[in-house]
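Below is one structure, written out as structure tokens; comments come after it.
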Amino acid sequence: MTEYVDVNGAKIERSYFDDNVAEAHEYEWSLVREISDDHVHCIVCDVAVSRGMSAFRSGSKWLCKYCMEHFVCDKT
Ligand SMILES: [Zn+2]
């Protein structure tokens, strides 16, 4: 049976989620106050963050604030 994790209002498969969080820990994130792309996808929860919102960026990867606060920044 597949285990799911509640993330930011979405259900994510546990193994997929764990891999993504582990990956997120390997990057240096910097806050982008206003995204200029139409939207970006968080690498952990895959939620779409719209233009004008803030999120964290590392190269071409994006992390939403929810995942940063709940899964990434408190474990570093
Ligand atoms: Zn996220």
note = For the pair H41 and E3, the simple spin-label estimate (label points 7 Å beyond Cα toward Cβ) gives in nm 2.5 nm
query = Once the piece of chain linking S50 and E13 is laid out straight, how much longer is it, given 0.36 nm per residue of separation minus the C-alpha distance between them?
reply = 10.9 nm
request  = Would you tally the net charge around R51, using a Cβ to Cβ cut-off of less than 11 Å, leaving R51 out, and scoring K and R as +1, D and E as -1?
outcome  = -3
inquiry  = Given points 7 Å out from each Cα along the Cα-Cβ axis, report the S60 to S30 separation in nanometres with one decimal.
reply    = 1.9 nm
note = One checks the Cα atoms of the chain and finds Rg and Dmax, in Å, of 12.1, 40
request  = Give, as a single signed number, the net charge of other residues whose beta carbon lies under 14 Å from the beta carbon of S15, with Lys and Arg counted +1 and Asp and Glu -1.
outcome  = -3
request  = May I ask you to give the percent of accessible area on the chain that is carbon plus sulfur, with a probe radius of 1.4 Å?
outcome  = 46 percent
query = Averaged per residue, what accessible surface does the chain expose to a 1.4 Å probe, in Å²?
reply = 66 Å²
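The values are calculated or read from the model by the stated rules, or taken from the named source; none is laboratory data. All values derive from a computational prediction rather than experimental measurement. All Cβ positions, even for glycine, are placed from backbone atoms using ideal geometry, and neighbour counts span all protein chains on display. For the accessible areas, the whole protein counts, side chains as well, though only heavy atoms, and no ligand, DNA or RNA atoms are used. Shrake-Rupley method; radii C 1.70, N 1.55, O 1.52, S 1.80 Å.
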